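What follows draws every value from the coordinates through simple rules; no lab data is involved. Here the structure is a predicted model, which means the values were calculated and not measured. Quick reminder, even Gly has a Cβ in these numbers, built from the backbone with ideal geometry, and neighbours come from all protein chains shown.
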Amino acid sequence: MPEPDINHTGDPVDAPVPAAAAGTALLDPGEETAAKPRVSRRTQLLVGAPMLVGGLALAGFAATTALLITLAKVLLLVVGLLVAMNGLGRIAEAVRGKSVDIVFVLGMTWLTVLIGLAVLAPLLPLGNHNDATQGLYAPIFAEPELGSEYPLGTNNYGLDMLARAIYGARTSLVVSLFAILIGTTVGGLIGMVAGFLRGATDRVVGILANALLAVPPLVLLIALGTVLSPNLRNLSIALSLLTIPSMVRVARANTITFAQREFVLAAQAIGATRMRLLRKELLPNVVLPVASMGVVMVSMLIVAEASLSYLGLGIRAPEPTWGNMIAEGEGGVMEAHPFIVIVPGLCLFLTVFSFNLLGEKVQKRWDPRSAKL
Amino acid sequence: MTSESKSPILVVENLRTVFHTPRGDVRAVDGVSFELRPGETLGLVGESGSGKSVLGRTVMGLISNDARTTVTGKVTLGGVDVHGVKRAVRRKLWGTEVAMVFQDPMTSLNPVKRIGTHLTETLRFHLRCTRKEAEERAVELLTQVGIPEPKRRMRQYPHEMSGGMRQRVVIAMALACDPRLLIADEPTTALDVTVQKQILDLLGNLTTERDMATVLVSHDLGAVAGRTDRVQVMYAGRTVEQGRTSEVFAAPTHPYTDALLASIPQIENAPHSLLRAIEGNPPDMANPPGGCRFAPRCGYADTTCTSDLPLLQPLAGPGRSVACHHPLLAGAAPVGSEHTHGR
Amino acid sequence: MLRQFVLRVLELLAVLLLVSFGVFALLSLVPGDPAVAVLGEGREPSEYAALRDEMGLNDPFFTRYFDWFGGVLHGDLGSSLIPPVVPVWDRLVAAMPVSLELAGLGLLIALVVSVPLAMWSAYNEGGRIDRAIGAFTFGLLSLPSFLVGLVLIAVLVNSMGWFPRTGWVRITDDFGGNLSHVFLPALTIALMEMAMFTRILRNDLVTTLNEDFILAARAKGMPPLRIMVSDALRPSSFSLVTILGLSIGRLVGSTVIVEYLFSLPGMGRLVIEAASTGNYPMVQGAVLLIAVVYVLSSALIDLSYGYLDPRTRRARA
Ligand SMILES: Nc1ncnc2c1ncn2[C@@H]1O[C@H](COP(=O)(O)OP(=O)(O)OP(=O)(O)O)[C@@H](O)[C@H]1O
Ligand SMILES: [Mg+2]
């Protein structure tokens, strides 16, 4: 690009403006990152690989060493895993040529594997997860050892921790997902009708929803736990009660906004019946926000279910859930055999974490308005 | 003009501001230079999005080099290299050396702070005076900017005042510590037409009284016309034309300036005559056209215009220059006679 | 203004009435015979029948509800089915202060930590510190409170021995002892709330910091910390107040769990014990009391919100 040197006003005097870049910017602009010029792929790979290996080594050392106190071990483990994750992210970036949300990828991988295992659990060659009499023949409190018969160890009844963790996932997922299904359907419908009809219906629904919200979620569950016998069906229904008020609120708010949009007014003007309006015009627009709220609430329900069974008010042992598995650590067991708590605890944390990641993404995509709050 | 003998208070040399965004680099200010002497008023004119606000903020140093922004070039304000010093030093200039009046008085006052606090906190911070002194001075300032019952107004919250009154408060706030340079960033755009003139006149009077240098930013050439000594026309982050205001108005040489002038409503025009709007939209600053930025919208453009970036070339007249391959001269006809740059 | 206030109060009363009804209805469905629960098994059927009659269990449902509700209005919530057979109200009154202290201290710690953390994070928007704080709080939010408690116990009690594992000393007996017993449970509660507050306040601050009036304050030469505190925090604090209201439900939940985890004699442990033994008058009373406290504090927060923000304050006056 020619830059004649005839300016007296002191305009562009330094190096030529790289305005030519305008011509080369044919790349999809969405793929560029906001940062200032980044390091090359090669460097990413060269930095990433040692970070991954070193981080894993550090974490492995921290997990197995007997030299350090607990606090130092935990810190070292976390640092090691973070470094490894950062390294993996760099490698992924180098391979794909653009930045990768490695945490999200790992989280979704975890969920996929977990759901797969939970679904296939009865078909898998898993150890004994709930038969305490059979457990008499197995070692109790066997330490976890990969490659052994009990890769994650056994509990005080000699039940296999791996099998229990997987069956625990089954319970957790079944209960929460059913609760969400009930909650989104019932809550969504009530909210839509309330938002569409307004008036007295709306007010009554509002007061009912507020009454349901007036009891803190866990306390409500405990109260229900006093009455209902803890099985999968009752738990799903109890948990769905926690989601209904939020679903009603989201569905109602969206119905109200959409009901005032032109296309609905237009449909009304050409004489569409109320039923038809609700079904054809409003439902499709309310479904997404309600569904995204559903995804967001999954993790809350998983925590609620785990809390309830931790308190001994949910599914009872020996049938495994993560909550009652963690409760087995009480009374000095956790101190003597930390893995009894660590195995289900980690499963619970990773699952809730992954669902939270998913919820955040989904809400940003499907319901950006409420994502802001 | 006496002001030309004084040494400049503000020197801007080849200033560039680039925002690194997910969409790519936005070159909001792309090589702008000018000087300003005490008592002088410079008009900065351009369409929405041409980079006027970013220029003003970069000149002050409110926008500076950080994780997402690159600023190059040099701004010397009262002898201080604004972008070469530490943040804390730069901050010392704000309020005392240079002050800014913002575009929208509805948003530039803190909704939960009383009017009085807005003024006194500045005074107390910079002048280290007592609360009582600050309050007296604040009342004085509010009187100067033409706010009736200043004592009562001091206790009000911004939402209790009209837009015009709020903008007066913003001006009082800017002038509180007697800055030597005032950057007024479209101070009247958000106001009613009737209030616009009052505010502009007020600004003009106050700056003349105090012998302040002023940068008056506007997208409206009409607002700048009688109130500035010099004018600089910006397009897509670049200066396309500059010179004495009267001369630029009398004989615009850049097709863009010409088009802007043509879009000012003229009183002498017939009541329902068509206003000539400029066709097309300003370029995407993340991906500006090669060559002259204005070429795609210009009726005079030819192949040189789309390939080579025109630089500022001096014309007759003090400080007059234009960045155009085919500057307009009286009677020149557009290339390709069926295209006109206006409507 | 007055009309709105009255409507709000009426709605509040309706909600509380509904809650009381729900609680009563639900717990009159308890499986098994309360008479058996009181007398134990193996008595004469006539004895059970007499007791049922005495307890009013044979009356129609609504009669029983109004009897019970009338009692409630006089502070009579019945008495515990399980020994020690004392009035439910007495147990609740003894347990309430423990829970309130725990929740209050937890909230306080959470606020004290989260406000500066959120400011720090927002000030470095998009930077390393911001991302680190974001990741940390996101992780914390994925930890159920009993896991947080267990981790803290593992590290601070078992490994360091800094705090007692269980037990309670009343604050009126021994302030220091009370503090050492309450601190770790309160910290457990605080961590969750802190993560939530930090994230929300940070997002709000980032929005506020992009407002024109912040730029205007910067252009006046005000120092960053001062702008953060006096210009940004105030407008943002309203949303913190709202969030405070929304978070009380979760706060109650984690208080319940933490009391159980650390064996503290509060409402939470009371209600869990009662629930697992089928001691329904106790559950009824506790749930009702918790609901009343919860609804009232939410309403109070709502009110204070309207009062704090000069924009709405003036608009109402
Ligand atoms: N922080 C930022 N990050 C990215 N791009 C920005 C940023 N600030 C401004 N821009 C872009 O820079 C360009 C110039 O904006 P600027 O606000 O200076 O325009 P303006 O001339 O003041 O317009 P207006 O008359 O509307 O105020 C616009 O394209 C805008 O989108
Ligand atoms: Mg602007």
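Things to note:
- By the rule of a C-alpha distance below 29 Å, with chain neighbours fewer than 8 residues away ignored, the lysines paired with residue B:197 are B:52, B:113, B:151, C:220.
- Lys, Arg +1 and Asp, Glu -1 on Cβ, resulting dipole of the stretch C:2-73 about Cα centre, debye, nearest 20: 560
- Backbone phi angles across the stretch A:117-129, fed through the Karplus curve with coefficients 6.51, -1.76 and 1.60 (θ = phi - 60°), yield HN-Hα couplings of 4, 5, 5, 8, 2, x, 8, 7, x, 8, x, 6, 9 Hz in residue order; Gly and Pro are listed as x.
- Estimated FRET transfer efficiency (residue A:123, residue C:263; beta-carbon r; R0 45 Å; 0.05): 0.60
- Counted over the stretch B:43-137 with a bin width of 10 Å, the fraction of Cα pairs per bin, in whole percents, is 13, 35, 35, 15, 1.
- Rounded to 10°, Cα long-axis angle of helix B:163-175 versus longest principal axis of chain B: 80
- Choice from C:269, C:64, C:202 with maximal GNM fluctuation in chain C (Cα, 10 Å cutoff): C:64
- The distance linking the stretch A:203-235 with the stretch B:83-139 is 54 Å (Cα centroid to Cα centroid, whole angstrom).
- Relative counts (whole %) of C-alpha pair distances in chain C, using bins that are 10 Å wide: 5, 21, 25, 23, 16, 7, 3, 1, 0
- Fluctuation leader among C:247, C:180, C:298 - chain C, Gaussian network, Cα springs under 10 angstrom: C:180
- Taking the alpha carbon gyration tensor of the protein assembly as shown, multiplying each eigenvalue by 5 and rooting it gives semi-axes of 65, 35, 29 Å, largest first.
- Most fluctuating residue given options C:120, C:162, C:89, as computed from a GNM of chain C linking Cα atoms under 10 Å: C:162
- Bridges between two residues of the stretch B:3-235, per DSSP, are antiparallel at a rate of about 50%.
- The largest-to-smallest principal axis extents of the Cα set in chain B are 69, 50, 45 Å.
- Rounded to the nearest 10 degrees, the angle from helix B:131-144 to the longest Cα principal axis of chain B is 40 degrees.
- FRET efficiency, 1/(1 + (r/R0)^6) with R0 35 Å, evaluated for residue B:329 and residue B:193 via beta carbons: 0.50
- Of every Cα-Cα pair in the stretch C:63-213, the percent that sits beyond 21 Å: 61
- Rounded to 5, percent antiparallel among DSSP beta bridges of the protein assembly as shown: 65
- Per residue, the protein assembly as shown reaches -18500 deg cm²/dmol at 222 nm when only DSSP H runs of four or more residues are counted, each adding -39500 (n - 2.57).
- On Cα atoms only, tilt of C:88-123 relative to the major axis of chain C in degrees: 20
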